[in-house]
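The structure under discussion appears below in the form of structure tokens.
The values are calculated or read from the model by the stated rules, or taken from the named source; none is laboratory data. On a predicted model such as this, the values are computed, not experimentally measured, just so you know. Note: ideal-geometry Cβ built from the backbone for every residue, glycine included; neighbour counts use all protein chains shown.
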Amino acid sequence: MFRVDAGSGVPIYRQLVQQVRRDVMLGRLQPGDQLPSVKEVVDSLSVNPNTVVKAFGELEHQGLVVRRQGVGTFVAAAPPVTSLPVAPKLLGSLARWVDRARQDGLSSEQIRILLEVALDEPAVILGDHRAAGGAG
Amino acid sequence: MSTGLRCAGLGHRYRRKIWGLRDCSLDVPAGRVVALVGPNGSGKTTLMSMAAGLLPASTGRVEAAGGAPAQRLDRIGFVAQDAPLWPRLRVADVLEIGRCMNHGFDAAMASERIRRLGIRTRARISALSGGERAQVALTLVLAKRPELFLLDEPTANLDPLARREFLGSMFEACSETGATVLYSSHAVAELERICDYLIVLRSGHLRVAGDIDELRQQHRVIRGPDGWPDGGGWQVISQRSTAGRTTALVRRDGAQLAGPGLHDAAPTFDELVLGYLEGDAATRHEEALA
């Protein structure tokens, strides 16, 4: 269930934490679901066990998972994240927007850049938009 | 927390007064997997040989697996570069020597591992490929069940599958026994997955040692107009200029923030390692004079 992008700016233990958070938010992981063991993650990814233990510790600290001694690690009964059901209205309009961007010939990378700009600098974009609208 | 490897003012001077390692002080907690990085001739093998008890300290001292290396030889597993083994012996003989010379040697595990790898026990070491020879040496060291692994470029000769298999066995040993690993490699890309602690050596000097995640938090990569770090009180580890822009790896001091016009990011593992390998011009100048 895990993937690791070595060489990215994000430490590997943090990548593992983010992937579990994302899957819990999307409902792909449900309360009570069992996570792979540390050994299974180590074997499949060839990453240091300390890194995996650290990620699981962080997830436990965040209240996302509980560890049962000798049994395994499970998604907590009430994980402290707001769930994002997979097909709400917002995701539908986002999917239509992505579809339109692709029809305009934009690559995945270009689409990601636009999303990042919209996330990081919304005020600037909306300001420009209003200014342009006012002038026209 | 117990110590996996501790050095205090450690140095070794070879004949003709060349220092292989100089004034090295570090303290690696037990159970860490340490990336040991440095250019050729930077002191990696010298440090490993001293930790293995094969080379005396000219200055300072070293503690490996909780004691002086000479007293802890049964707890230390060393695989030197290119896995040297007696070429005329057969694989079975090498395993038997391992069993006789090491108290607690897991002979069953060793023969099972060799069988699983498809290496013929009747073959002479000289008849093995580089990868097979490396696997025999690594099997010996795994079967010894040491508290401290000293591995000098252990996977350089292994194909990707053999490499993954060996790393799995090494990680299993770490999980089971809490062993510490000192792992040298030039392949910086593979170290990020394997290691959680970093030691960078250059020209016989320790450049940096520490927990990788902590080091990444303590450093920033900052990009700005040429010459921006000058006189700004930055602790610059290394910098390079291209096309009118200067990019520098800096150590972050408390709340100091990048000013306007500077682009500021957390370093990737590569940027951290390469930044310390390159170092700044002043350090290079000092080394040239030394």
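A few notes on this one:
- The residue of the range B:13-46 that is surrounded by the fewest Cβ atoms within 10 Å (Cβ to Cβ), among those that are within 14 Å of chain A (Cβ to nearest Cβ) and not in a strand (DSSP E or B), is B:30.
- Residue in the range B:183-190 that is loosely packed, with under 15 Cβ neighbours inside 10 Å, more than 25 Å from residue B:92 (Cβ to Cβ) and more than 10 Å from chain A (Cβ to nearest Cβ) present: yes
- Looking only at the range A:1-27, residues that are free of Cβ contacts under 8 Å to residues at least 40 places away in the same chain and either over 22 Å from residue B:195 (Cα atoms) or hydroxyl-bearing (Ser, Thr, Tyr) (or both) come to 3 in all.
- Residue within the range B:60-74 that is touching a Ser or Thr at 6+ places or on another chain (Cβ under 7 Å), surrounded by fewer than 21 Cβ atoms within 10 Å (Cβ to Cβ) and outside any loop (DSSP other than H, G, I, E, B) present: yes
- Some residue of the range B:203-213 being touching a residue at least 12 places away in the same chain (Cβ under 8 Å), within 14 Å of another protein chain (Cβ to nearest Cβ) and outside any strand (DSSP E or B): yes
- Given (1) in contact with an Asp or Glu (Cβ under 9 Å, 6 or more places away or on another chain); (2) farther than 30 Å from residue B:181 by Cβ, number of the condition residue A:121 does not satisfy: (1)
- For residue B:146, the conditions (1) within 22 Å of residue B:73 (Cβ to Cβ); (2) surrounded by 21 or more Cβ atoms within 10 Å (Cβ to Cβ); (3) within 14 Å of another protein chain (Cβ to nearest Cβ) all hold with the exception of (3).
- Filter pass, residue B:94 being over 30 Å from residue B:202 (Cβ atoms) and buried (at least 20 other Cβ atoms within 10 Å of the Cβ): yes
- Note on the range B:238-268: residues that are loosely packed, with under 11 Cβ neighbours inside 10 Å and at pLDDT 80 or above amount to 3.
- Residues considered: A:93, A:108, A:44. Of these, the only one that is outside the structural domain of residue A:119 (by TED's automatic domain parsing) and not hydrophobic (A, V, I, L, M, F, W, C) is A:44.
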